[in-house]
Structure formats: structure tokens, C-alpha cells
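To start, the structure under review is shown below, and the notes come after it.
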Amino acid sequence: MFHDIPQPILERMAYLEAIDARDRQDGTPRLERLRQIPPETGRFLALVAAGAPAGKLLEIGTSAGYSTLWISLACRMRGQKMTTFEILPEKARLAQETFTAAGIGNLVESVQDDARSLLVNYRQVAFCFIDAEQDIHQSCYELVVPNLVPGGWVVADNVISHQTMLQSFLNDAQTDPRVDALIVPIGKGLLLCRRV
């Protein structure tokens, strides 16, 4: 999976990494930045998604599509599409540019809408990455977990960097009898939840 990443994907990853680095250096306001995951988080997500059981692959919070590029490697290996949700029109447009430039349009269904209004329609979920605003992590989690297949995964980002804000959600997830949960110090911290 990592040994044969197509050149257009690598080029778009490098392009988005450069924008992200520049915006962080220039002090671009937080809401205007891409706010994407680091490459090590992307690799980890691709591995988890690739090893997930049969079922749908979802992402909540597309931004410019950087994490989607990584998850698409698992889609390519599995021979299936993923669905990614982005609420902001300008970021959804940028993500569409990413999917076209990287040549992964056949692997991604991009939905420009609030995922919370649509998640109830997605059953048999094998993998879901939550990387939206922290105040909706818990509501997205609660909508996805009942629809996870046994052995399916929910992965939430920013749980160490925003631990204070997410503490109630983290406590609930780690004591939820429907999942086995663990926080791992990759990137800004990931909460891994596997459906029992």
C-alpha cells in the first residue's frame, strides 16, 4: 500500500503539506488554515482502514482532502469507495480539486453537508475517521457506533491536543461497553474505538 503510492497522490500530498506548513508559519488564522493531520497520522489511518472488516469507510471533516488521500490508499487496496463529509463549501471545493488532481475521484464520494444529518443513513460501517470541530465529536460518535459492524473502527483526532475540551467525550467513549477504546499518541492524539 505504501510502496506503490501513485505519483499524482504523492504530488498532491506534498502540495497540501507545503500549504499547511506555510499557513502555520505565517500565522494564518486557525479557521482559514487547512488544519490537516500530519503524515504519520495518515499512515496510521490507512493501516487501520485497510485492516477493517467488510463495510463502509467514512470520514467526517474532509478539509482539503489530505487525510482522504491517505484513507484512499486503503480503498484502493480494498477495491471500494469511501464517503467523506465536509460542511464548509470552500473546503469542499478545495477537496474536490484534491481528488481530481490526485486521480482518486473513483474512490471517493464527497458530500458537502453536515454529517450529523446524514450519518443515520450509513449502516454497516467498518471504519470512520472523525476530524471535525471538537464540539461535534461526541454527537458524531453516537451516530456512528450503533452502525458499526463487529470489529469496526471509529478513530477521532485531536484528543491529546484538545483533551480538556474533549474530556467528557473521552470518558464516555472509554467506558462505553459497545467498544474497546484506547488513546494513542500519534499526531495530535487519536482515540481508537473498536466495536465489540
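Tallying residues that are surrounded by 18 or more Cβ atoms within 10 Å (Cβ to Cβ), touching a residue at least 24 places away in the same chain (Cβ under 8 Å) and over 24 Å from Tyr66 (Cα atoms) within the stretch 149-184 yields 3.
Residue check: is Ala101 touching a Phe, Trp or Tyr at 6+ places or on another chain (Cβ under 9 Å), more than 21 Å from Tyr122 (Cα to Cα) and hydrophobic (A, V, I, L, M, F, W, C)?
Details: touching a Phe, Trp or Tyr at 6+ places or on another chain (Cβ under 9 Å): yes; more than 21 Å from Tyr122 (Cα to Cα): yes; hydrophobic (A, V, I, L, M, F, W, C): yes.
So Ala101 fits the description; yes.
Going through (1) of a type outside the set (Phe, Trp, Tyr); (2) modelled with pLDDT of 95 or more; (3) in contact with a strand residue (DSSP E or B) (Cβ under 8 Å, 6 or more places away or on another chain) one by one, Thr100 falls short only on (3). Checking each residue in the stretch 152-192 for being in contact with a helix residue (DSSP H, G or I) (Cβ under 6 Å, 6 or more places away or on another chain) and assigned to a helix (DSSP H, G or I) picks out Met165, Leu166, Phe169.
When Gly79 is tested against the conditions (1) closer than 28 Å to His3 by Cβ; (2) within 17 Å of the chain's Cα centre (by Cα), the lone failure is (2).
The values are calculated or read from the model by the stated rules, or taken from the named source; none is laboratory data. Owing to the predicted nature of the structure, the values given are computational and were not obtained by experimental measurement. Cβ atoms come from the backbone with ideal geometry, glycine included; neighbour counts cover every protein chain shown.
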